[in-house]
Each structure stands twice: as C-alpha cells, then as structure tokens.
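Student: Mind having a look at this structure? Questions to follow.
The values are calculated or read from the model by the stated rules, or taken from the named source; none is laboratory data. Predicted model only: the values in this text are computed from it and were never measured. A quick note on method: Cβ atoms are made from the backbone with ideal geometry, for glycine too, and the neighbour counts reach across all protein chains shown. Each accessible area value is taken on the protein alone, full model and side chains, heavy atoms only, with ligands, DNA and RNA left out. Shrake-Rupley method; radii C 1.70, N 1.55, O 1.52, S 1.80 Å.
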Number of protein chains: 4
Amino acid sequence: MTLAEKLALANRILYDQGVVDGFGHVSARCDEASDRFLLARNMAPGLVTPDDILTFDLDGNALDAQGRRVYLERFIHGEIYRARADVQAVVHSHSPSVIPFAATGTPLRPLYHMSGFLGSGSVLFEIRDVAGNTDLLIRDPALGRALAGALGSHSTVLMRGHGSTVVGTSLEQAVYRAIYAETNARLQSQAIALGEVTYLNEQEAAMAAATNDTQLARTWELWARRVIERG
Amino acid sequence: MTLAEKLALANRILYDQGVVDGFGHVSARCDEASDRFLLARNMAPGLVTPDDILTFDLDGNALDAQGRRVYLERFIHGEIYRARADVQAVVHSHSPSVIPFAATGTPLRPLYHMSGFLGSGSVLFEIRDVAGNTDLLIRDPALGRALAGALGSHSTVLMRGHGSTVVGTSLEQAVYRAIYAETNARLQSQAIALGEVTYLNEQEAAMAAATNDTQLARTWELWARRVIERG
Amino acid sequence: MTLAEKLALANRILYDQGVVDGFGHVSARCDEASDRFLLARNMAPGLVTPDDILTFDLDGNALDAQGRRVYLERFIHGEIYRARADVQAVVHSHSPSVIPFAATGTPLRPLYHMSGFLGSGSVLFEIRDVAGNTDLLIRDPALGRALAGALGSHSTVLMRGHGSTVVGTSLEQAVYRAIYAETNARLQSQAIALGEVTYLNEQEAAMAAATNDTQLARTWELWARRVIERG
Amino acid sequence: MTLAEKLALANRILYDQGVVDGFGHVSARCDEASDRFLLARNMAPGLVTPDDILTFDLDGNALDAQGRRVYLERFIHGEIYRARADVQAVVHSHSPSVIPFAATGTPLRPLYHMSGFLGSGSVLFEIRDVAGNTDLLIRDPALGRALAGALGSHSTVLMRGHGSTVVGTSLEQAVYRAIYAETNARLQSQAIALGEVTYLNEQEAAMAAATNDTQLARTWELWARRVIERG
C-alpha cells in the first residue's frame, strides 16, 4: 500500500468513526522528503480516494494540484510539520464531543489508559488572541505558526470556536489519537457530571501511552476492515 | 437535475441526517416564479420522490394536487416567502436536539464556525402569545404571518412546544443550516453543562458564515451520495 | 393484512425504533372478540413472525400455544383490556430513556405537540406498594389489576425499577405513543438540564393529540417500510 | 456448536452491542478441564473466528499459541477462574458508559430488573493502591490476583482509569451482564441527573436476577442472529 492509498484509507476511517463529517482533514509527511506532505484536495474526507491526494510543500503550496481546489486550512499541516520534526501525521477535525471543551476552555484529560497520549491535558488555541475577529480558520501561514506554537510539544490542541488538531509519529497513531480524543471527550463530560474525576496522572499517562503504541495495528486493522468491506 | 428532483433529494438528505423523522418538510421557491414554491404532498419526508412534489402559491393553495393530501402547515412556507424576498428555501422540522431549546426559551448560539449562520442567536416564536391555546401547528395564513414576523431577518426561529424553522438563500444552504442547527444544539447543551461558553461574537459569526457559504457543495455532495447509494 | 401479520410488523417496528430490545411486548385486542387478544410467544420481539402470534383470553390463558412458551407478563395486557374498553393495543417495554423517569418518579410531560398524548403527565406504578419486594414483574392477575388501576384513564404508566406501559385505541396509535414516549423522555431530560421547561398545558396537549391522530398513517408507513425493506 | 465457536460468536456479539471496540476480551472456562480456559489471540474482538481461539492454563500460559501473540491482560481471566469456582466466563471491556463510573468511583447500582445482577452495587479496583503508578493494565499474575480479590463474590468490578470486568456462571450470562452493565451505566447517569434514584434493593435485585437467568436464551438468540446475518 502506498502512502497515498493509506492516507485515503485514513480519511475514510475517520469519517466512518465519526471524527470528521463533511469537513476536517488528515495529512501524512512524505517518507522520502521531510519537507513535503500529502493531503487530499478540497472535498469531504469520507469520499477521498488515492487519486484525490496531492503533495504540498511546508508553505502550503500544492505541487500537483492541476487546477484542483485545495483546503483553505492546509497551513495547519505545513506549519506543524515545520515546527515538529517528530510529527509524521496530522488530523484536523470538528470532532463533535471535543467542540464543547474548546468552547469552554476545558482541557481534555485522560480518563482511562486508552487516552494516555493526552498526558497532563490538551492545550487551547484562542485565535482572537493572535488575530482578533476572524472566520476562525487557519487560512494563512502566520495563523498556522501561531497554532503550532500553541500546540508546542503536546499531542492535542483545542481550537476555540472551531475544533481540534491532533498529531502523531505515524499515521496509525494520529488516527488512533483523533478517535480516542473524541471518545475521551464524550466520557469526560459524563464523568464530570457524575462527580470528582480521578484522571491518569502524568506517569500513568506516559506509561499507558507507551503500551498503547504497541497495539496500534490491532485497531487500524479493525477500522480499515470496516471501511473496506463497505466499499 | 430539476428543482423537483433536487427537492426530493433534500427531503431524503434531511431524513438520513436525522433532522426530520416522519414529520417535517422542506420547500424551495420556484426559479421561474417568485410567488410559487415547491413542497411535497402530505407524507413522510424520507419517502418523497420527485412525483410527490407539488406547486403552491404563497397563500398555500396547491396548484396541482389532483386530490392528493397536503401538509397542514404549508403556511409556514408561503408566508415566509412572502415576507422574505431573499429566502429561496425553508426547512421546518422537529429536529430533536433543538426541541429542548424551544421548550426552555434558550437561544441557539454559534458554538463554532460551522454554525456562524446563527449570528447573535436564534429567535423564539411563542404561539400562545398570538393565538392562545392551540394544537401548536401553523395551520392558517395568520399563524404563518406571525411566525414570519418572529423570524424577522434571522436564519432560525425556534417554535415553543413544536420545533424550528430555518431559511436559506438556496436549497443547499437551508439544508446545511438545518443540519448544523441540530448539531450546534446538541453540542451547545453539552458545553453549557461543562462551564462558561465563549460563543462566536457577531463579527466572527458573520465572517464564518460567509466562508462556509463557499463550501456548501462539499457537504451537499457527501450527503447526496449517501442517500443515492442507499437507494 | 391480518391482525396477526400487523402485530408481527408492530413487533419489528418497535425493535427497529429502539423501543424494545430482547424484551418487551405488544398486543392487540381481537377485532371479532373483545375478550381475546393477540400476543407473541415468549421470544425477542425483533424476531417475531405471524406464526409466532398466539391468542389469549383476558385471564392470560393462551388458547393456541401448543406447548410454546408464553411471556411471564401477559397479565399486563389482559387486565388492561379488561379495565379499559377503549383500549385496542398495549405496548410494554423497557424503552431506555423512560427508565430514569421511572427510577426517579419524574413524570413524563409533553415537551412538544408530538407527545400531546401524555396530557397532564404520566402516572407511576410502585410495585412495592402493592406487593413488597418482588422481581418487579407483573407475573399474576392481581399485579396486572394493580397496574391497570395505576394506569387509570391515562395513556402511559411508568413502572418503577422496570419500564413502562402505553395503550392506544388502535395498534398504530399505541406504537406511535410508545415511540414518542421514548423520544419525549430523551428530550425532556435534556430540557430539564437546560432550564425551566414550558410544557404543553392540558388544552394544548389534548388539541395536539387530536391532530396527531389524523396523521398516524404517515409514520406507520415510514416505519413499516424500513423493517420490510430490511427483511 | 463447540465452545470455541460459541466464544468466537460471543466476541462478535460484544462488538456488535458496543461493549468492546478494538480492545476488550471474553473468555470461557473449558468444560472438560476446570484449570483451562479459552481466549482469543491478541486481536480486535469483532474480528475473532474460531481459529483464533487459544487454550490457556490458569497461570496465563497459552498451550497452543504456535507463535501467535496473546493478550497482555490474560491474567485477569486466569486469576478469576482460580479464585471463583462458580465462574465459567469472564468479560473484560472498556465499555464506554462504565468508564465515567470507574473514574469517579461511583458504584453501578441496579436501576431496573434487567440489571439485578448488580445486587448491592459494583465494587472498585484501584490499581494505585496495590502497584503505584502503572500503565493500568493487569499484566502479571499478582495484579490478576489483586483484581480477583477486589471482585470478591460480586459480578462486576470497575477498574479505575481502565474499564470493568464482569463474570458469569455461563458464557450467555456473562455476555448478558456485560451488555446490561453498559446499559445500566448509561441510564444510571441520566437518572442521577434527574433526581433522587430509587434503586432495586438487595432482595429485589436477587429475585430479578434469578428471573432473568431463565430468559437468557432469548437475548442470546437475538444478538447471535444479528452478527450471523451480517456475516
């Protein structure tokens, strides 16, 4: 499977799992060129095929668009790849259960070992602080850099009034994290309503995340099988 | 695709996306005659085909019913088209997550850019104020005019004890807004339970709405594909 | 379509709509004999076919079981038919959103016109008051009579620690009410969390219920089509 | 049907019913050797076939793995079978609605007769108390013994920061309990938000559990039919 084929599959997995709807996107850094990344043309992620995958440089220029429309927010990807040499894949979504956390400035914190990658909690990007009133989109390199700055060395940044961005050291890991960020958000809301929550502490979170990284193939196989069987 | 075919598709999209169930309806103003609109005969929206689409005048008279039963609430559509020259499509639904907002008089407010069309918030129609105790339906022109009056220049009016009505400058936009009004309601409830919510301010909302209007084809294609593939 | 065929369809509709799971049952009074009713043999309602439908007398005796196992709680049906000459169909379920209302003694109240049949609110049956500690099932005629007494002239009785029972003057109406009791419960919980709820008053509820009764064929057609197409 | 075939089916039922996702596992004690149990190789439970079922001794050694990878947490099963002669099947899952209860130390309590097996409430296992900071997994026999100790004679143990484990005297019963523990958790959260909850008392719970045990074939048939028809 080529990286473009795997990225198309990742798009469809994220749609099938409810992380993306008509919007949201996932990219992967090119294996052979660390200053290039793959990202679909402007379209609903659930419909992406390998032929829809374009190559971008880190400034967000498409190298092979041939007139095809590109995502307004491709700068999220380019600027994070520039700032974070360890990152090989990026998921930006409006994952539903995460939106209320972004809107209220409540950090996602790991409720169980599956979301150990959240560590001491997600960070927040408030676009008003850097650009005043906007349409909330990361539509230029400066906003991309500001978002990458807010992300810092974390795995997950919430974007107030918008959504979230999750990164990984592999495409499988970024997809896993995007899916479990959504799940953790849903369960965290329920736990907060029930009473005082005991979150994983930082050491537990780090150890759990390391263990989960040895099991990524298991979930990828399951999720991939679902979308492949459905055509 | 004719407007009747597109409207039949809109009916099925709204059912597939959970905005309408056995009830609710969507109409479109005729391209060639601004004092005419298309609306299905009285039936569950999820089953509507192009042959079920009738033409109405703004008084709610069906011009080609040929004995087929019509919706009791066709006056919602006629009176809004009369009052709002900018409106080309109207969705009336009992979209579930919106009902609790209508029942408590809580305005829908935009939690994220996808629902920028909500602007400074939805308005409320209290039928008791204009007609006392009723079956809550908009079953005559006077009630239709009262509802249109409450809607004013907004995109969304909540109807206490009943549902909501959303308008658009195109069928695609009205469908988009009905779907994201439902989504925003669900997420807004969750956010209110989490803490103090930072909604989009009016300028953010307006800018986000303008951007989203450039992306309507993307979601329409996704939603249409789903219902067409399912037959 | 015979009444047995229609009742089998009602079983599958209630399963498809999430009102019943592996448990719950729906009955219909016989057209030709008001002291007889039809009810499936002991099995999951989602799997019922016309051949699984048995005839019972009001004492809960199966007249044609031929060794087939019957529901422990058939007395719910018999005793309600005995007490309520107007009732032609009964649905007993553990409809999920209704369970928390039964467990907390919170009446279901109509949030919107679709559930006008709830009138001034559901009533509650506390089995402890009549029989002390039990397995909570209506497993004999005396408990059936006590439940029918609690139901009185209402449409809906909640059963603490157990579920609910809904009646109708036709099978279509009872199915409609069971589905919208579940929907109303879900939305009422959400509304209570949002703020002070304006329920339909008794006059609104009665008028809305009367209107809805003229539209029952619309939802029945939609729900039936779904289960028939799925085989 | 062999026990391995039945266990493969149980895996797929638990996935179809939302109790397990890519993780979680179910085991059954061998009929012919009480010191052996069957458990799938390390894989997503929704994909398990009879060929993926391995045999383990109570120390967690696979007797027929032939190089296939095994679950890190097989010690949950072995140590519970060792401690509880009455247990014939064990389900370990991250069943979603249960996670918030584990994270807040809120016991599951029976809201309705379907979950009478919860008795006076679930017990809690806090791994920090026995092992300090860990990745939260039951990855050795000592942790397995500690978990079995926390379970005691109960049916259900919540595991803080992790999930839950449910046991049964048959595979059908353990599957039933795992599914209704999830359902009860979801409904219990909703009930707590509504007001003061009247739970089943211990006698009611015991009587309801005894009755439900006579109906296990009904739900097993329904759940099995669903996954078999879907292939």
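Student: How big is segment C:122-189 by Rg and Dmax over its Cα atoms, in Å?
Tutor: Cα-based Rg and Dmax for segment C:122-189 come out at 12.6, 35 Å.
Student: Here is a further query. Rounded to the nearest 0.05, what FRET efficiency is calculated for C:ASP59 and C:ALA85 with R0 set to 22 Å and r the Cβ-Cβ distance?
Tutor: Efficiency, rounded to the nearest 0.05: 0.85.
Student: Before rounding to the nearest 500, sum -39500 (n - 2.57) across all DSSP H runs of length at least 4 in the protein assembly as shown and divide by the residue total; then give [θ] at 222 nm in deg cm²/dmol.
Tutor: So the helix-based figure for the protein assembly as shown works out to -12500 deg cm²/dmol.
Student: Roughly speaking, what is the centre-to-centre gap between segment A:55-111 and segment C:52-107 when only Cα atoms are used, to the nearest Å?
Tutor: 55
Student: Using a probe of 1.4 angstrom, how much of the accessible area of segment D:126-231 is carbon and sulfur, in percent? Please report the intermediate quantities before stating the final value.
Tutor: Working: 1920 of 3870 Å².
Of the solvent-accessible surface of segment D:126-231, carbon and sulfur hold 50 percent.
Student: A follow-up question, please. Please identify, among D:THR214, D:THR165, D:THR106, the residue showing maximal mean-square fluctuation in a Gaussian network model of chain D using a 10 angstrom Cα cutoff.
Tutor: Comparing D:THR214, D:THR165, D:THR106 in the GNM, the peak value goes to D:THR214.
Student: While we're on this one: Pairwise over distinct Cα atoms, reciprocal of the mean inverse distance: report the Kirkwood radius of the protein assembly as shown in Å, one decimal place.
Tutor: Value: 29.2 Å, from the Cα pair sum.
Student: Hey, another quick one. Set the Förster distance to 56 Å, then compute FRET efficiency between A:GLU126 and D:THR214 from the Cβ-Cβ distance, nearest 0.05.
Tutor: Efficiency, from the Cβ-Cβ distance: 0.45.
Student: Separate question: List the accessible area buried at the contact between A and D, summed over both sides and calculated with a 1.4 Å probe, in Å² to the nearest 100.
Tutor: Using a 1.4 Å probe on protein heavy atoms, the buried area is about 2800 Å².
Student: Next question. Give the average, rounded to an integer, of partner chain Cβ atoms located within 10 angstrom of each Cβ in C:215-224.
Tutor: 4
Student: Can you send over the solvent-accessible area of D:MET43, 1.4 Å probe, protein chains only, in Å² to the nearest 10?
Tutor: Near enough 10 Å² of accessible area.
Student: Note down, for chain B, the three equivalent ellipsoid semi-axes (square root of 5 times each alpha carbon gyration tensor eigenvalue), biggest first, whole angstrom. Before the final figure, lay out each step's value.
Tutor: Numbers: eigenvalues 138, 89, 51 Å².
Those come to 26, 21, 16 Å.
Student: If I ignore ligands, DNA and RNA and count only protein heavy atoms, how much of D:TRP220 is accessible to a 1.4 Å probe, in Å² to the nearest 10?
Tutor: We get 40 Å² for D:TRP220.
Student: If you don't mind, there's one more thing I want to ask. Can you pull the mean other chain C-beta count within 10 Å for peptide A:16-25?
Tutor: Mean shielding by partner chains, rounded to a whole number: 3.
Student: Here is a further query. Hey, can you find the accessible area per residue of the protein assembly as shown for me, probe 1.4 Å, expressed in square angstrom?
Tutor: 34
Student: For C:GLU204, A:GLU172, give me the order by solvent-accessible area with a 1.4 Å probe, most accessible first, ignoring ligands, DNA and RNA.
Tutor: Per-residue accessible area, sorted high to low, gives A:GLU172, C:GLU204.
Student: Under a 10 Å cutoff between Cα atoms, tell me which one of A:ALA174, A:ALA40, A:ALA103 has the largest fluctuation in the Gaussian network model of chain A.
Tutor: Highest fluctuation among the options: A:ALA103.
Student: Average partner chain C-beta neighbours within 10 Å, per residue of C:107-116?
Tutor: 5
Student: Just to be sure I understand: with springs between alpha-carbon atoms less than 10 Å apart, which residue in B:THR169, B:THR211, B:THR183 has the highest mean-square fluctuation in the Gaussian network model of chain B?
Tutor: Sorting by GNM fluctuation, first place goes to B:THR211.
Student: With Cβ to Cβ distances under 12 Å as the rule, what net charge do the other residues near A:ARG74 carry (K, R +1; D, E -1)?
Tutor: Around A:ARG74, the charge tally is -2.
Student: I would also like to ask the following. When only DSSP loop residues count, what trypsin sites (Lys or Arg not before Pro) in segment B:43-129 have their Cβ near at most 14 other Cβ atoms within 10 Å?
Tutor: Numbers: sites: B:ARG68, B:ARG69, B:ARG74, B:ARG82, B:ARG84, B:ARG128; in loops: B:ARG68, B:ARG69, B:ARG74, B:ARG84.
Answer in residue order: B:ARG68, B:ARG69.
Student: Given a 1.4 Å probe and the protein chains all in place, what does the accessible area of B:ASP59 round to, in Å² to the nearest 10?
Tutor: So the heavy atoms of B:ASP59 present about 80 Å² to solvent.
Student: To continue, here is another question. Which number comes out as Rg/Rh for segment B:1-105 once both Rg and the Kirkwood Rh are worked out on C-alpha atoms? Spell out each step's value before the answer.
Tutor: On the way: Rg = 13.4 Å, Rh = 13.9 Å.
So for segment B:1-105, dividing Rg by the Kirkwood Rh gives 0.96.
Student: For segment A:163-218, just run the numbers: alpha carbon Rg, then divide by 2.2 N^0.38 Å, N being how many residues it has.
Tutor: Dividing the Cα radius of gyration by 2.2 N^0.38 Å gives 1.26.
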